[in-house]
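Okay, so here's the structure we're looking at.
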Amino acid sequence: MPTTVSLDAAAASAAADPGAMEIIKEFIVQGGAFMWPILLVLAVGLIIVIERVIYLQATKSRNKKVWDNVFPLISKGQFRQAMEQVKESKTGLARVVAYGLERARLSRRHDDVELAMEEGLMEVMPRLETRTPYIATLANIATLLGLLGTIIGLIQAFTAVASADPAQKADLLSASISVAMNTTAFGLMAAIPLLLAFSFINSMTGKVVDSMEMASVKFLNVFRQVTMQQEKNADGQ
């Protein structure tokens with residue numbers, strides 16, 4: 001018997017307590033028309049965040065794979081084989097290394113090779129940063145839409161209260177202000193995660209760029225050592 005009473009009480013409690021989705025739905029509906037543009041901005045921002053994270057993580061993995069294959073060849077002075085390897089890949093690091101190897105084929109001056117690799121890196125960087133600034137812009141738009149929705153809601157609230165019964169003005173005004181504040185709250189709830197994601201993606205992009213710059217430095221150091229050794233061997237002969 002106690003077990004039955006306990007189950008009935010739990011069922012009644014669950015029925016009385018609405019689900020999280022219902023609470024969110026009610027919150028959005030009460031906020032008014034501006035809640036939907038904020039929701040759209042949040043959805044677009046999250047799509048960009050997910051796409052950028054996947055792309056940068058994949059780029060990092062592919063760059064590492066290319067470097068692990070190419071660096072041993074460069075260390076042995078097998079520049080032709082290294083060139084064949086990077087030509088088969090479409091990664092950013094492969095393009096940078098290809099620029100360096102192509103210039104090394106025409107000129108043995110280290111400065112020329114370095115400039116060529118910097119040129120390749122400058123071509124790759126815009127692709128790494130594509131759409132990332134949109135995330136911060138969408139965060140700002142969400143905040144501004146929230147404020148705009150609140151201001152319009154307050155205007156409508158004061159207009160409605162002006163012609164209401166004096167005895168009900170306080171209750172109507174407090175309820176209207178509470179609803180109007182939903183848009184500001186939702187705008188901030190959308191903006192804060194987007195700004196955090198923007199900082200995270202900027203950090204990921206910076207790490208990828210740093211790894212490519214480090215690979216360029218290693219390439220130049222190894223290239224210098226290999227060319228010096230080849231010149232010594234040629235002079236010895």
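So which of L56, L93 is aliphatic (A, V, I, L, M), outside the structural domain of E119 (by TED's automatic domain parsing) and under 16 Å from K207 (Cβ atoms)?
On the way: L93 fails: outside the structural domain of E119 (by TED's automatic domain parsing).
Step by step, each of L56, L93 is checked, and only L56 is aliphatic (A, V, I, L, M), outside the structural domain of E119 (by TED's automatic domain parsing) and under 16 Å from K207 (Cβ atoms).
Could you tell me which residue of the range 24-41 is surrounded by the most Cβ atoms within 10 Å (Cβ to Cβ), considering only residues that are touching a residue at least 60 places away in the same chain (Cβ under 8 Å) and more than 19 Å from A139 (Cα to Cα)?
Among residues in the range 24-41 that are touching a residue at least 60 places away in the same chain (Cβ under 8 Å) and more than 19 Å from A139 (Cα to Cα), the one surrounded by the most Cβ atoms within 10 Å (Cβ to Cβ) is G32.
Among the candidates L7, L42, L106, L101, which residue alone is modelled with pLDDT of 90 or more and of a type outside the set (S, T, Y)?
Just one listed residue meets the conditions, L42.
Residue by residue, here is whether (1) at pLDDT below 90; (2) of a type in the set (D, E); (3) in contact with a His (Cβ under 7 Å, 6 or more places away or on another chain) holds:
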residue: T3; (1), (2), (3): yes, no, no
residue: S13; (1), (2), (3): yes, no, no
residue: P18; (1), (2), (3): yes, no, no
residue: E22; (1), (2), (3): yes, yes, no
residue: L46; (1), (2), (3): no, no, no
residue: R52; (1), (2), (3): no, no, no
residue: Q81; (1), (2), (3): yes, no, no
residue: K90; (1), (2), (3): yes, no, no
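Run down V66, V44, V70 and say which single residue is more than 19 Å from K90 (Cα to Cα), outside the structural domain of L121 (by TED's automatic domain parsing) and in contact (Cβ under 8 Å) with a residue 24 or more places away in the chain. Explain how you work it out, then say what you get.
Details: V66 fails: more than 19 Å from K90 (Cα to Cα); V70 fails: more than 19 Å from K90 (Cα to Cα).
Every option except V44 fails the conditions.
Determine the pairs where a residue that is buried (at least 18 other Cβ atoms within 10 Å of the Cβ), located within the range 132-161, has a partner that is among the acidic types (D, E) with Cβ atoms under 9 Å apart, the partner being 6 or more residues away or on another chain.
none
Keeping to the range 201-237, report how many residues are over 20 Å from V124 (Cα atoms) and without any contact (Cβ under 8 Å) to a residue 12 or more places away in the chain.
Summing the residues that are over 20 Å from V124 (Cα atoms) and without any contact (Cβ under 8 Å) to a residue 12 or more places away in the chain in the range 201-237 gives 10.
Among the residues of the range 90-129, how many are of a type in the set (S, T, Y) and closer than 27 Å to Q229 by Cβ?
Residues flagged as of a type in the set (S, T, Y) and closer than 27 Å to Q229 by Cβ within the range 90-129 amount to 2.
Working only within the range 84-121, note down all residues that are hydrophobic (A, V, I, L, M, F, W, C) and buried (at least 18 other Cβ atoms within 10 Å of the Cβ).
Within the range 84-121, V86, L93, A94, V96, V97, A98, L101, A104, V113, A116, M117, L121 qualify.
Inspect all residues belonging to the range 49-65 and state whether any of them is surrounded by 14 or more Cβ atoms within 10 Å (Cβ to Cβ), under 21 Å from R127 (Cβ atoms) and more than 27 Å from the chain's Cα centre (by Cα).
No, because not a single residue in the range 49-65 is surrounded by 14 or more Cβ atoms within 10 Å (Cβ to Cβ), under 21 Å from R127 (Cβ atoms) and more than 27 Å from the chain's Cα centre (by Cα).
Which of the residues spanning the range 100-126 are in contact (Cβ under 8 Å) with a residue 60 or more places away in the chain, in contact with a helix residue (DSSP H, G or I) (Cβ under 7 Å, 6 or more places away or on another chain) and within 18 Å of D210 (Cβ to Cβ)?
G100, E114, M117, L121, V124, M125
With the checklist (1) surrounded by fewer than 18 Cβ atoms within 10 Å (Cβ to Cβ); (2) in a helix (DSSP H, G or I); (3) not assigned by TED's automatic domain parsing to the domain that holds L40 in hand, flag the one item L172 doesn't pass.
L172 satisfies all of (1) surrounded by fewer than 18 Cβ atoms within 10 Å (Cβ to Cβ); (2) in a helix (DSSP H, G or I); (3) not assigned by TED's automatic domain parsing to the domain that holds L40 except (3).
The values are calculated or read from the model by the stated rules, or taken from the named source; none is laboratory data. Predicted model only: the values in this text are computed from it and were never measured. As a convention, Cβ positions derive from the backbone with ideal geometry for all residues, glycine included, and neighbour counts pool all protein chains shown.
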